[in-house]
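Structure first, commentary second.
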Amino acid sequence: MRTDAYIRGSEFVVALASTYMAAVTMVQTSLYWRARPYIAVILGPIASSLGGGPTGEGGSALDLIIIGMALALSFTFWRKGNEVGFGRLFMLNMLMFFPSVLDFSTFNWINLILPYESIAAVTIHWVFGVGLLLQATYLTLRYTVRFREMRKELEKRGAEEDDIDEVSRGQMVYLGQLVAGTVAISAGVYFGYPYMSQFLDVKAAGLPYPHLIIGVVFTLLIAAGTILYLRGGGSQVGAVKVTPENAKSV
């Protein structure tokens, strides 16, 4: 099997695994349970034909239909194999992941508009793990598309297939390191935040809050101003025209 087939296979596994986990998480959220009776009006006959009712204990059939539909869409997007298809896949996963974020959010604005009881069946660590998987999926699919495009470009230039495969293997190793590093950093920040928060609370207890806030705000403004200045200077340098007068001085 060629290396590009391995790349497509890895995309398939990552895409369907992330969609499955996002869908399984969604059907265990409070917002989904609130909307389940309305979904049952549309998909109830299909759930009944599968041997279960749309609500109650038989509601698992309805959940399976939702998960199956999500996987079918994920497969369709993966089959396209381009940035547009993978972008739609990422949006699908994030839409299904959104209700679980609301269950643990300190500001559930949907609950203010449409009140419902928060009775999520998933834990905050489960939600964090699924979020990491979605992040890893986004990075993987974004880079593998570029890798396959580079393979086509090298083939057009007449490169040997063994050399192209060697380049692709190196790119996949780099991608694995990038994803592993991203996951490790995100997990470190997540699990280390409580300890860092306690440490900073102790250290900042004697600082006057107005001075602290003013210092942070002005530091950010200075950094933003520096970035804008450097970008403006770069565009001006690039906009200098070469004329016969200044060409002699070059």
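Coordinate-derived values only; no laboratory data. None of these values were measured; they are calculated from a predicted model. Don't worry about glycine lacking a Cβ; one is built from the backbone with ideal geometry, like all the others, and counts go over all protein chains shown.
Below, the figures for the structure above:
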| item | result |
| --- | --- |
| Packing-based ranking, highest mean first, of 172-182, 125-135, 13-23 given that Cβ atoms within 10 Å are counted | 13-23, 125-135, 172-182 |
| Percent breakdown of C-alpha pair distances by 5 Å bin, ordered from the shortest bin, for the stretch 121-181 | 4, 17, 21, 17, 13, 9, 7, 5, 3, 2, 1, 0 |
| Extension gain from Leu43 to Leu71, taking 0.36 nm per residue of separation minus the Cα-Cα distance | 8.4 nm |
| Extension gain, Leu114 back to Val217 (0.36 nm per residue minus Cα-Cα distance, nm) | 33.5 nm |
| Rg/Rh ratio calculated on Cα atoms of the stretch 66-110 (Kirkwood radius) | 1.12 |
